[in-house]
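Trainee: One structure coming up, written as structure tokens, with questions to follow.
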Amino acid sequence: MTENTQFNSSNYDQLLEQLKHAEQESPVCVSNEYFEMLPTIYKTHEKEIKTWKTVSTAYSYIYFMTYLYRWCKYSHYAPSIKDVKRILGSASNKTVDIFIKKNGLFDQYNLTETIGLFELPVVFETDEDTDLPLFTNVLELHADLKEHVHMYYREPMGLTNRYTSKKPVLAFHSNTLEEDNQGTFYKGTNFTNIPFEVFAFCMNHACLGDKAFYVYSFLKSQYDYFEDKNEEYLVGHRTVASKLNIPRSSVYDIMRSLHDYGLIRMERNQDYFVLGNDIADRIAPTITVISEIQEFSKETKKKYDLMPTKSKEEYILEKKLEAVEELNEYSQLVIEAKGIENTTLDEIQQMKMNEVAGTLVKSATDLRKKRAEINLGELPF
């Protein structure tokens, strides 16, 4: 990713001020269905979408729409498409239009509904019995005094009757096929809470942006799942790339940047990387996802140290030496042992040598070739 450590603090502050963002409005619960549907939509419409980067912009867009709707920001801020693209760092990007335009892919797949000026939510209150939000739109609020629409929305915000925005369907319903009122605004279960400050931080950091926000959101959805089970979350860039249908090299760079700026922590579970080793033999790093913006690094990077590498020959030689050392230690224990009956020292040593030899052959076997890459005759015993 671009080597630029600049975080635009003024843009970050301006965005929060423009939105009149309050601390209690930080939680934004977003459906995990997006991580299943968006890669599938991309695969189905790859010729029209052209690049996975458009998908990351589309995800960030629908996240922002969810925030605006949930906290009724339309009461004082109704951004144009150009405004939203600018916030996402894609002011001149027209490729995302395939998702967000009226009857675009989001509407076609029932992930959004296009709503007009009178349908914008401007007031919400919490139901005393259910503790769930109740939304009131422009038309409902000003049904008796429609001149207020001009006074409060058209004139100060420059809105016309042609203004449109998006209603996030999965915030209301658990899926796109039925209206069950089990979405993330209500009693949803398959969702992830992504604090709005994380979104604002990514959008105003030159090395992160919408692409890093997309990967971060996926990682947090998985991290929360394993944390709920009191388990560690181990994952490598190859697995993330496969899940999101993103090139491995891009995910590798993004995950390193997320680590460098404190949004995630990656702890290695291997001392070194063996060149040419099977993927199945590699151990993924342990991922910790950070949500508190005060822990993020705006300017100073927490550089992720690259894992040392060894050739396969060096690895096999090391295992040979370890086997010799283990055999010598075992032999010494046998010599010191008392009361061994009916078994000679040579027999005990040979049993151990056969065990070590078998382990060496197994560790050096190429499963695809169905044969060992080490010759038994090369063993040091």
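The values are calculated or read from the model by the stated rules, or taken from the named source; none is laboratory data. Predicted, not measured: the structure shown is a model, and the values here were computed from it. Positions of Cβ are generated from backbone atoms using ideal geometry, with glycine treated the same way; all protein chains shown enter the neighbour counts. Please note that ligands, DNA and RNA were not included when accessible areas were found on the heavy atoms of the full protein model with its side chains. Shrake-Rupley method; radii C 1.70, N 1.55, O 1.52, S 1.80 Å.
Trainee: Need the full-extension length gain, Asn190 to Arg86, defined as separation in residues times 0.36 nm minus the C-alpha distance. One decimal, nm.
Mentor: Working: separation 104, 0.36 × 104 = 37.44 nm, distance 3.00 nm.
Computed gain between Asn190 and Arg86 is 34.4 nm.
Trainee: Translational diffusion coefficient, Stokes-Einstein: compute it for segment 80-170 using the Kirkwood radius over C-alpha pairs as Rh, at 37 °C and 0.692 mPa s, and state it as an integer in µm² s⁻¹.
Mentor: Result for D is 219 µm²/s.
Trainee: Calculate the all-directions average of the projected area of segment 34-131's alpha-carbon convex hull, and give it in nm². Let's see the in-between values first.
Mentor: On the way: hull surface 29.2 nm².
Spelled out: convex hull of the Cα atoms, projected over all directions, averaged, 7.3 nm².
Trainee: If you wrap a convex hull around the C-alpha atoms of segment 124-229 and split its volume per residue, what is the figure in Å³? Don't jump to the answer; show the numbers that get you there.
Mentor: Values: hull volume 19.9 nm³, N = 106.
Cα-based convex hull of segment 124-229, divided per residue, equals 187 Å³.
Trainee: Would you please state the base-10 log of I(q)/I(0) at q = 0.09 1/Å for segment 48-201, with intensities from the Debye formula using one equal scatterer on every alpha carbon?
Mentor: Those come out to -0.30, one per q.
Trainee: Let me ask another. Which of Lys85/Lys166; Lys73/Lys102; Lys82/Lys187; Lys94/Lys298 have a Cα-Cα distance over 26 Å?
Mentor: Details: Lys85/Lys166 14 Å; Lys73/Lys102 21 Å; Lys82/Lys187 33 Å; Lys94/Lys298 29 Å.
Distance filter (> 26 Å) returns Lys82/Lys187; Lys94/Lys298.
Trainee: Could you tell me what percent of the accessible area of segment 74-224 is made up of carbon and sulfur, with a 1.4 Å probe and every protein chain present? Don't skip to the answer; put the middle values down first.
Mentor: Working: 3370 of 7270 Å².
Looking at segment 74-224 in its full context, I get 46 percent from C and S.
Trainee: Between Thr136 and Ala206, what FRET efficiency follows from the Cβ-Cβ distance if R0 is 35 Å, with the result rounded to 0.05? Before the final figure, lay out each step's value.
Mentor: Details: r = 39 Å, r/R0 = 1.13.
Efficiency, from the Cβ-Cβ distance: 0.35.
Trainee: Here's a follow-up. Apply 1/(1 + (r/R0)^6) to the Cβ-Cβ distance of Asp144 and Leu177, taking R0 = 30 Å, and write down the FRET efficiency to the nearest 0.05. Display every interim value, and only then the final one.
Mentor: Details: r = 37 Å, r/R0 = 1.23.
Computed FRET efficiency for Asp144 and Leu177 comes out at 0.20.
Trainee: Oh, and also: Just the number please: accessible area per residue for segment 1-135, 1.4 Å probe, all protein chains included, in Å². Let's see the in-between values first.
Mentor: Details: 6690 Å² over 135 residues.
On a per-residue basis, segment 1-135 sits at 50 Å².
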